[in-house]
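Any read-out appearing in this document is the output of simple, stated calculations on the displayed coordinates, not a laboratory observation. Small disclaimer: the values here were computed from a predicted structure and weren't measured. Cβ placement follows ideal geometry from the backbone for every residue including glycine, while neighbour counts extend to all protein chains displayed.
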Amino acid sequence: MRLAPKVSDGISPLAFIGEGVTIGEDVKIGPGAVILGPCVIEDGAWIGPGAQIGAPPEMTDHVQNAAWSGELAHAGVHIGAGAVIREGAVIHQGSYRATTVGAGSWVLNRAYLAHDVLLGANSTVSAGVSIGGHCVIGDRVNIGMNASVHQRTFIGAGCMIGMSTPVARDLPPYVKAFGSPARIHGVNSIGMQRQGIEADQIAALQTAYASGDLLLDETETQWHDLLANDLKQWRERENRRPAATALTS
């Protein structure tokens with residue numbers, strides 16, 4: 001890791017990179033991007049023109065510091081290896097933990113990640129999406145264009161969310177949700193298949209959700225490997241408030 005990027009490395013001389021920003025190898029940063037510290041950008045990340053990373057949390061009880069002049073505060077931003085932050089995206093500092101974009105994830109143009117958001121690996125936040133503070137988004141999630149996610153909401157691994165959907169309640173792993181208000185309309189079976197999850201495990205999860213057991217407190221199924229890890233994150237979360245479901249058994 002290094003602190004002083006060179007223009008020849010693919011970082012535009014028209015980008016503003018403030019103090020407290022640590023940049024990995026082979027990082028690309030476009031003209032007009034503003035990156036304020038504290039911030040860590042891992043190897044191979046791509047940050048588009050006009051992206052705005054590291055402004056203070058939009059919280060009235062937190063100082064609105066001038067990080068561009070070296071006045072550092074707050075808990076930082078962490079951009080994982082190979083992540084793509086497209087033009088005009090906005091990512092704010094965390095208030096108590098680093099706002100995080102996981103490795104290989106894409107944050108598309110005009111998307112907004114508020115303070116303390118944790119976005120998992122290999123997820124896609126489509127154009128115009130807004131994610132409120134403190135949200136936790138799992139790995140391999142796909143959020144459709146112009147959707148909005150209420151603060152403190154949990155979205156489990158492998159979920160797919162339709163365009164313009166307002167998500168105000170938690171989504172268990174591998175569900176498809178759309179509509180206003182958001183409702184669960186099935187499981188992301190294709191996404192599960194692509195991850196090598198067995199057909200009987202997919203069917204068992206579909207059955208559990210269709211029976212109304214969105215919390216997975218009643219099922220006796222023994223989950224395997226990747227699916228077990230994804231469901232563990234959901235089952236261990238406190239104060240779960242799952243979205244309504246349109247599924248029937």
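Scanning the stretch 199-214 for residues that are without any contact (Cβ under 8 Å) to a residue 12 or more places away in the chain and touching a Ser or Thr at 6+ places or on another chain (Cβ under 7 Å) turns up just one, 213.
If the condition is being part of a loop (DSSP other than H, G, I, E, B), within 19 Å of residue 24 (Cα to Cα) and aliphatic (A, V, I, L, M), then the stretch 38-74 contributes 45, 51. Residues in the stretch 107-123 that are buried (at least 20 other Cβ atoms within 10 Å of the Cβ) and closer than 21 Å to residue 195 by Cα: 119, 120, 123.
Of all the residues in the stretch 38-92, those that are crowded, with 21+ Cβ neighbours inside 10 Å and without any contact (Cβ under 8 Å) to a residue 12 or more places away in the chain number 0.
What number goes with the only condition from (1) free of Cβ contacts under 8 Å to residues at least 60 places away in the same chain; (2) in a loop (DSSP other than H, G, I, E, B); (3) crowded, with 19+ Cβ neighbours inside 10 Å that residue 145 does not pass? Going through (1) free of Cβ contacts under 8 Å to residues at least 60 places away in the same chain; (2) in a loop (DSSP other than H, G, I, E, B); (3) crowded, with 19+ Cβ neighbours inside 10 Å one by one, residue 145 breaks only (3).
Go through the stretch 199-216 residue by residue and tally those that are assigned to a loop (DSSP other than H, G, I, E, B) and either surrounded by 18 or more Cβ atoms within 10 Å (Cβ to Cβ) or within 26 Å of the chain's Cα centre (by Cα) (or both). Final tally of qualifying residues: 4.
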